Amino acid sequence: MLVVGFVLAFGAAAGPRLAGATPGLQLLYILPCFPPYAPQDLGERLGGMTLGFALLIAAEVFLLPDPRSPSYQELVARGAATAARCTRETATAPWILSAASVADATAAGQALRPSRVPEADRPAAPGVRDRALAHSGDATRVLLARLRELPAVPDPVTGPGDHTLRLLEQVAATADRSAHAMATGRADRSVGTAPLEEVLAEYHRGRVDRAEDRKGAVRTAVLRRQAALIEVAEVTVAMHHAVTVAIEGRQSPDGPGRMPFWYADQSAVRLWWVRLSVHLSPRSVYFQNAVRTGLGLAAARTVAAVVSLPHGFWAVLAALTLIRTTNAQTRTTVRQALTGTLLGAMAAAGLLVLTGHHTNVYAVILPLIMLATFCLAPLLGVGWAQGMFTLTVSTVFAQLDPAGWQLAEARFLAVLVGSLIGLVCGMLAWPRGAHNELRRDITVLLRAVAATITSTTGTLTDAPRPPTDTPTVHHALLLAESSFAQYQSEPQRPSAPQPDWQAALIAGYHAERGSQRLLEHRDQHRQDPPGEGALGPDTGAWLTGLADHVADEYRRFTDRLEAGGDGAVTADRPSTSTPGPLSSPGNHADTPATALPCCTTPTPGCRASPPTSPGSPRPPGRRPTDPPVVSAGTGRPSIPAIPAPSGRVPRLVARPGPVGAQAGPLRTERLSPA
């Protein structure tokens, strides 16, 4: 019982589909563990179970079926088609999206949020297709968000140049092909993303020259719009590759490198092992829940056998259904359940005494009792559910075997035993649930972000940092996301200030994808002519100092978190920011502005891009090592101005993101990698 209970409960790490089937699978194992033991009747039992399944399926399909909801693949197709329309609109005067198009893009992006999709339809399994489908949905959301926030054309009269128009045309065409592939289930390999990537490479060349005014000064507004357009194009390329993998189950020949589509060439066994092995640790809330459930079931089964508890499987079922992730939740649930069970047992005892052995009466009233139990109990809470279920099972058992009021007594006694076992498990096995684990996981995540910032900057500046024993951002994100998902389902402490855990997750997404993009971009331009795109010593020193400064700020946050401070990461104001990097698809809830340090690597949305004019003055009274301040009126952090080196900003640095793209996706409902 201990092993089976643990394994089935741990299966929730594989996604909501398996998690939804877990209670049923546990019941199928629990019921045969109690007498009467009749192996000779196994065929009849399996036949009855199969007939019951068939009747349930038939009732679901033909008797008041639920309205059909669009599949996630259809939602991605609609989102990609909307992105294509919006892209074409930005390529025509007045060069910005209308209010109606913004509303359409917002609606299409929101429809792709996993929280808006039924659990059975969410692509959350470890397989290649589900990962790629989730990846394509995330990329589509990012594309729609970037199009909504596309900076205006600096000169609306003359409009964008030919390079920009050609880029937007290819973005729209690629998005159309992605939408058609998702809608039809067939990917067109004859074109792929080659035309878009060629135009994008051409757009990269000389874009700093095109951003200069007549006096040779670089216009920041032009650079920001160029960076936003590059982001749009790169996300479109990633979306199309993800769509191809989702449809065909393998990587396209012209696809990108190993990241972020590392899963495309992996076997199903390998992907399942990657998903489960990450959570096979006492620091994972999935592991903790599985241990808590397995111990509760094993203890209830042992007690029922030792004391010869009548109808002992009710004690096991009570332990299974009443154990919660925190001790406080378990106490509240047990109190309500025992009250409801006591009242239900009293009602059942009265019914058994009044009706006696007239089974026909039970047969007549059973459908009415079951209808009330399954329709009203879920709406009225745990107490009502336990009370009405007690009345239901008493009526059922009275038909199978003549019984008196003692049946209701046995029901209450069994639930009492199971509840006490649940209380003990709740007190002994991680009684605070995800609260402590989330704090630990976020601490590890922010340290990994700090290490990623310094290591990436060291690679870019040809000054590699020594390796550390800090886990990767990707691994830290997996544990932090699962802890945060459970934390949201647990009761909070309204009187205490709550850290903005979501802001920390956002920082992880930006660091992960930002590092990948910068390193990939550097590798792509290794063969450039000498001096073109290279980082000079002054720029390298400037970046190194800024990286160390921001990394130190993250480490200070982790020190405060470890010390138990709840105000280390706080939300300043609500925001309607956009989803973040597409390497970490997830829940994508609207994200708040944060008081975390700005990421050093110039990822989309980073505001720490170096000044382009030599000798930029720093604010009075501030030093490069001072902590970041929150800008008045915006609530967003700003990095102290550090004098930049003279000369033109090299290609690897001059990639500031669009204004306002500050946030990333909330991975409450993890969909892809691992």
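In summary, residue 91 fulfils each of the numbered conditions (1) without any contact (Cβ under 8 Å) to a residue 12 or more places away in the chain; (2) under 29 Å from residue 150 (Cα atoms) with the single exception of condition (1). With over 26 Å from residue 35 (Cβ atoms) and in a helix (DSSP H, G or I) as the only criterion, which of 349, 363, 318, 377 stands out? One residue alone meets the criteria, 377. Against the numbered list (1) open to solvent by less than 10 Å² (accessible area, probe 1.4 Å); (2) part of a helix (DSSP H, G or I); (3) more than 17 Å from residue 239 (Cα to Cα), residue 126 comes up short only at (2). Tell me, please, whether a residue that is surrounded by 15 or more Cβ atoms within 10 Å (Cβ to Cβ), touching a residue at least 60 places away in the same chain (Cβ under 8 Å) and in contact with a Phe, Trp or Tyr (Cβ under 9 Å, 6 or more places away or on another chain) can be found in region 34-41. Yes, that holds for at least one residue. Report yes if residue 520 is in a loop (DSSP other than H, G, I, E, B) and either open to solvent by 30 Å² or more (accessible area, probe 1.4 Å) or modelled with pLDDT of 70 or more (or both), otherwise no. No. Being in a helix (DSSP H, G or I), open to solvent by 50 Å² or more (accessible area, probe 1.4 Å), modelled with pLDDT under 85 and within 25 Å of residue 93 (Cα to Cα) is a property that residue 176 lacks.
Just one of the listed residues (116, 131, 141) is charged (D, E, K, R), modelled with pLDDT under 90, surrounded by 23 or more Cβ atoms within 10 Å (Cβ to Cβ) and closer than 25 Å to residue 15 by Cα, and it is 131. Scanning region 56-74 for residues that are small (Gly, Ala, Ser), on the phi < 0 side of the Ramachandran plot and within 24 Å of the chain's Cα centre (by Cα) turns up at least one hit. Output the helices (runs of 4 or more DSSP H) that fall wholly within region 1-95 and possess 3 or more residues being within 30 Å of residue 138 (Cα to Cα), or say none. Output list reads 2-10, 16-30, 72-90.
Taking first residues from region 269-292 that are assigned to a helix (DSSP H, G or I) and partners that are of a type in the set (D, E, K, R) and modelled with pLDDT of 85 or more, the Cβ contacts under 8 Å between residues at least 6 apart in sequence or on separate chains come to 271/131.
Here residue 466 meets the list (1) farther than 18 Å from residue 551 by Cβ; (2) open to solvent by 50 Å² or more (accessible area, probe 1.4 Å) almost entirely, failing just condition (1).
Among the residues of region 456-484, just one is among the acidic types (Asp, Glu), within 30 Å of residue 12 (Cα to Cα) and not in a helix (DSSP H, G or I), namely 469. Counting the residues of region 58-109 that are open to solvent by 20 Å² or more (accessible area, probe 1.4 Å), closer than 25 Å to residue 226 by Cβ and among the hydrophobic types (A, V, I, L, M, F, W, C) gives 6.
Residue 34 passes every criterion in (1) on the phi > 0 side of the Ramachandran plot; (2) in contact with a helix residue (DSSP H, G or I) (Cβ under 6 Å, 6 or more places away or on another chain) apart from (1).
Tell me, yes or no, whether region 228-248 has at least one residue that is in a loop (DSSP other than H, G, I, E, B), open to solvent by less than 30 Å² (accessible area, probe 1.4 Å) and either at negative phi or modelled with pLDDT under 90 (or both). No, that holds for no residue.
The values are calculated or read from the model by the stated rules, or taken from the named source; none is laboratory data. It should be emphasised that the depicted structure is a prediction, and the values quoted were computed from it without experimental measurement. Please note: Cβ atoms are built from the backbone with ideal geometry, for glycine as well, and neighbour counts cover all protein chains shown. Note: accessible area is taken over every heavy atom of the protein model, side chains too, but ligands, DNA and RNA are not part of it. Shrake-Rupley method; radii C 1.70, N 1.55, O 1.52, S 1.80 Å.
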